[in-house]
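Right, one structure below, let's go through it.
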Amino acid sequence: MTEQELKIQEKKTANQGGETTKNETYFAPHVDIFETEKDVIVIADMPGVASESIDLSLEDNILTIQGHRAPQKQMGRILLEEYESGHYLRRFTVAETIDQEKIEASLADGVLRLRLPKVGPAQPKKIEIKIG
Amino acid sequence: MAFVRFADRPAFRNPWAEFERIRQGLDELSRTYVDKGKAQNRTNVYPALNIFEEGDRLIITAELPGVKIQDLELSLEGETLTIQGKRDNKQNDKSASYHRREIESGSFRRAITLPIKVDMEQIGAKLNNGILVITLAKASAATPRQIKVSAE
């Protein structure tokens with residue numbers, strides 16, 4: 001079912017803690033996040049970012065996705081400008097416990113796909129009470 | 001109803017003053033819109049395009065994340081360039097429960113009229129990391145020709 005027409009989604013500037021010294025724009029990439037039995041999957045649109053310029057981190061349950069775009073070379077006279085390009089930044093608080101060692105990331109066609117495997121839920125221990 | 005003493009009323013009321021006030025209000029409104037758009041040309045048709053002119057070339061770029069090369073189709077007819085394709089972002093996993101859904105799936109088609117005549121033989125298009133770059137060469141008629149001035 002791909003009959004639906006794609007629409008232009010407005011780019012939102014990312015909220016950074018504090019201003020950067022460089023005058024560069026950071027956009028919050030559009031994401032899909034879903035959860036399966038075993039993993040949490042994050043899909044983020046980051047066109048123009050090469051795989052080596054993606055920074056990912058998971059600290060204190062905060063997942064940071066950051067992507068840097070190569071500085072654009074000046075391409076002559078602008079005739080039409082309908083979109084701006086910039087770096088990407090977005091942070092999420094992950095509720096589930098994630099196995100940090102097994103995080104997988106792949107990048108294809110400007111789309112980042114992250115697989116965050118959940119740590120198996122701790123089995124509740126049953127404490128038996130003996131009546132003496 | 002409030003009483004207005006006769007002396008408080010302005011001696012002469014300009015019947016057009018109200019219109020003037022509305023006009024100023026509208027001016028202000030349109031100004032704020034222009035500021036918001038940063039003088040950019042917003043469009044509703046996907047994808048958004050940037051067009052540059054560089055010497056004898058015309059460069060068109062678009063951000064097309066998630067669009068595969070085989071799903072993208074470009075055609076040039078006369079001076080009309082058509083970009084069409086689709087993006088499939090459906091997940092096969094039935095058990096998936098979504099937390100956020102911001103990425104859309106669907107098809108797109110955009111036709112633009114090129115500002116200048118181009119050489120049909122020299123067209124290059126690249127799709128790299130979700131960025132489409134189309135390079136067109138201006139037709140020889142459109143490239144500036146140096147005219148030599150000679151003294152008699």
Original post:
Can you find even one residue in the range A:91-107 that is farther than 25 Å from B:Ala96 by Cβ and assigned to a loop (DSSP other than H, G, I, E, B)?
Top reply: no
Original post:
Can you name the condition, by its number, that B:Glu28 falls short on among (1) at pLDDT below 85; (2) buried (at least 16 other Cβ atoms within 10 Å of the Cβ)?
Top reply: (2)
**OP:** Run A:Phe92 past the list (1) under 16 Å from the mean Cα position of the chain (by Cα); (2) within 20 Å of B:Leu127 (Cβ to Cβ); (3) within 11 Å of chain B (Cβ to nearest Cβ) and report the number of the one that doesn't hold.
**Re:** (2)
**OP:** Among the candidates A:Ile78, A:Ile65, A:Ile54, A:Ile41, single out the residue that is over 25 Å from B:Asn92 (Cβ atoms) and of a type in the set (A, V, I, L, M, F, W, C).
**Re:** A:Ile78
**OP:** Only residues that are surrounded by fewer than 21 Cβ atoms within 10 Å (Cβ to Cβ) and touching a Ser or Thr at 6+ places or on another chain (Cβ under 7 Å): list them for the range A:34-55, please.
**Re:** A:Phe34, A:Glu35, A:Thr36, A:Glu37
Original post:
Out of (1) at the interface with chain A (Cβ under 7 Å from one of its Cβ atoms); (2) more than 18 Å from A:Asp109 (Cβ to Cβ); (3) of a type in the set (Lys, Arg), the odd one out for B:Arg109 is which?
Top reply: (1)
Subject >> Output for the range B:99-142, where each listed residue is in a loop (DSSP other than H, G, I, E, B), within 21 Å of A:Leu80 (Cα to Cα) and in contact with a Pro (Cβ under 8 Å, 6 or more places away or on another chain) >> reply: B:Gly130
**OP:** Would you check if A:Ile65 is surrounded by 13 or more Cβ atoms within 10 Å (Cβ to Cβ) and outside any loop (DSSP other than H, G, I, E, B)?
**Re:** yes
**OP:** Scan the range A:11-38 for residues that are closer than 16 Å to A:His87 by Cα and among the charged types (D, E, K, R) and report the count.
**Re:** 5
Original post:
Assuming A:Leu112 fulfils every condition listed in (1) surrounded by fewer than 19 Cβ atoms within 10 Å (Cβ to Cβ); (2) part of a strand (DSSP E or B); (3) more than 8 Å from chain B (Cβ to nearest Cβ) apart from one, which condition is it?
Top reply: (1)
Original post:
Looking only at residues in the range B:58-103 that are surrounded by 12 or more Cβ atoms within 10 Å (Cβ to Cβ) and among the polar types (S, T, N, Q), which one is farthest from the other protein chains (Cβ to nearest Cβ)?
Top reply: B:Thr82
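Residue by residue, here is whether (1) of a type in the set (A, V, I, L, M, F, W, C); (2) under 20 Å from the mean Cα position of the chain (by Cα) holds:
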{"residue": "B:Asp88", "(1), (2)": "no, no"}
{"residue": "B:Ala96", "(1), (2)": "yes, no"}
{"residue": "B:Glu102", "(1), (2)": "no, no"}
{"residue": "B:Arg110", "(1), (2)": "no, yes"}
{"residue": "B:Val118", "(1), (2)": "yes, no"}
{"residue": "B:Ala125", "(1), (2)": "yes, yes"}
{"residue": "B:Gln146", "(1), (2)": "no, no"}
Original post:
Any idea which of (1) among the hydrophobic types (A, V, I, L, M, F, W, C); (2) under 24 Å from B:Val67 (Cα atoms); (3) crowded, with 16+ Cβ neighbours inside 10 Å; (4) within 10 Å of another protein chain (Cβ to nearest Cβ) is the one A:Phe27 doesn't satisfy?
Top reply: (4)
**OP:** Mind listing just one residue for me: the one in the range B:116-128 that is loosely packed, with under 14 Cβ neighbours inside 10 Å and of a type outside the set (D, E, K, R) and, of those, nearest to the other protein chains (Cβ to nearest Cβ)?
**Re:** B:Asn128
Original post:
Out of all the residues in the range B:48-57, is one or more within 7 Å of chain A (Cβ to nearest Cβ), buried (at least 18 other Cβ atoms within 10 Å of the Cβ) and outside any strand (DSSP E or B)?
Top reply: yes
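Can you tell me which residues in the range B:58-87 are outside any strand (DSSP E or B), closer than 23 Å to B:Asn129 by Cα and not acidic (Asp, Glu)?
Scanning the range B:58-87 gives B:Leu64, B:Pro65, B:Gly66, B:Val67, B:Lys68, B:Ile69, B:Gln70.
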Original post:
Restricted to the range A:67-87, and to residues that are more than 7 Å from chain B (Cβ to nearest Cβ), touching a Ser or Thr at 6+ places or on another chain (Cβ under 9 Å) and free of Cβ contacts under 8 Å to residues at least 24 places away in the same chain, which residue is nearest to B:Ile116 (Cα to Cα)?
Top reply: A:Gln72
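The values are calculated or read from the model by the stated rules, or taken from the named source; none is laboratory data. Here the structure is a predicted model, which is why all the values come from computation and not from measurement. Glycine also receives a Cβ, built like all others from the backbone with ideal geometry; neighbour counts cover every protein chain displayed.
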